[in-house]
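Single-structure report; data block below.
The values are calculated or read from the model by the stated rules, or taken from the named source; none is laboratory data. This one's a predicted model, so the numbers in the text were calculated from it and none came from an experiment. Counting neighbours? That spans all protein chains shown, and the Cβs are built from the backbone with ideal geometry, glycine included. Accessible surface is based on the protein model in full, side chains and every heavy atom, while ligands, DNA and RNA are left aside. Shrake-Rupley method; radii C 1.70, N 1.55, O 1.52, S 1.80 Å.
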Amino acid sequence: MFITLEGGEGVGKTTQQALLAERLQREGYACVSTREPGGTALGEALRELLLHGDPLTPLAELFLYAADRAEHVQKCILPALAAGQVVVCDRFTDSTLAYQGYGRGLDLQQVRQLNHLATGGLQPHLTLWLDLPPEVGLARTGLADRLEQERLEFHRRVHQGFQALAAAEPQRIVRIDAGGSPLEVAARIWSVVQPRLLAAVPRP
Ligand code: TMP
């Protein structure tokens, strides 16, 4: 089963990914935690360029996220899924639609086509959209990277993007209220993941 975590800045994805992986392991599921950009040697190098390098044109940025994803899908995600592992990935194609499409204003259809090319059509079985108002999330982030430093208006557009994506695919994308303590959010997440796992993966 392929699960992705999505959301704006400062919504707590990293903490929730660790808590979900712990829970999966406790329940006896073999699981791999990974992230985009990142998750491969190339991906980690691209992450540095994307988040801490000089400003990029929107199209160059889009292509680098796609290059990261192509490498990640082939070298990490598909092999783990083929080995029967549950893959939990921090950000995937919906981030590109929300940030480069809705945020930067690139053509959504072209972003979708590039996503499809990079993934070979692989889609998450379940996407958890951790939702917080952008102002609240941004206030939680510490040292800002290049994307976090974008104007609030940009992050509002990204948020509207996630809203639209979730509304268009309610079966796959489930909104999780990311307010409250990490354990409260983790409990909300588990109540969504557990029944899907039981339906999709043979019980360990
Ligand atoms: P994070 O994973 O630590 O939240 O940081 C990743 C940053 O990269 C975040 O600001 C969102 C951005 N991003 C995109 O703009 N497009 C993408 O396709 C992905 C995967 C991430």
Within segment 1-16, can you find the residues that are of a type outside the set (A, V, I, L, M, F, W, C) and open to solvent by less than 20 Å² (accessible area, probe 1.4 Å)?
T4, E6, G7, Q16
Please work out if E9 is within 10 Å of the ligand (Cβ to nearest atom) and touching a Cys at 6+ places or on another chain (Cβ under 7 Å).
no
Residues (more than 15 Å from the chain's Cα centre (by Cα) and not hydrophobic (A, V, I, L, M, F, W, C)) located in segment 34-48
T40, E44, E48
Just give me the residues in segment 15-29 being more than 16 Å from the ligand (Cβ to nearest atom) and either in contact (Cβ under 8 Å) with a residue 60 or more places away in the chain or of a type in the set (F, W, Y) (or both), in sequence order.
L19, R23, L24, E27, G28, Y29
Residue in segment 85-103 that is farthest from the ligand (Cβ to nearest atom), counting only those that are open to solvent by 10 Å² or more (accessible area, probe 1.4 Å) and within 18 Å of L24 (Cβ to Cβ)
Q85
Of (1) in a helix (DSSP H, G or I); (2) charged (D, E, K, R); (3) within 11 Å of the ligand (Cβ to nearest atom), K75 satisfies all except one. Which?
(3)
Name every residue in segment 46-59 that is open to solvent by 40 Å² or more (accessible area, probe 1.4 Å) and in a helix (DSSP H, G or I), in order of residue number.
R47, E48, L49, H52, P58, L59
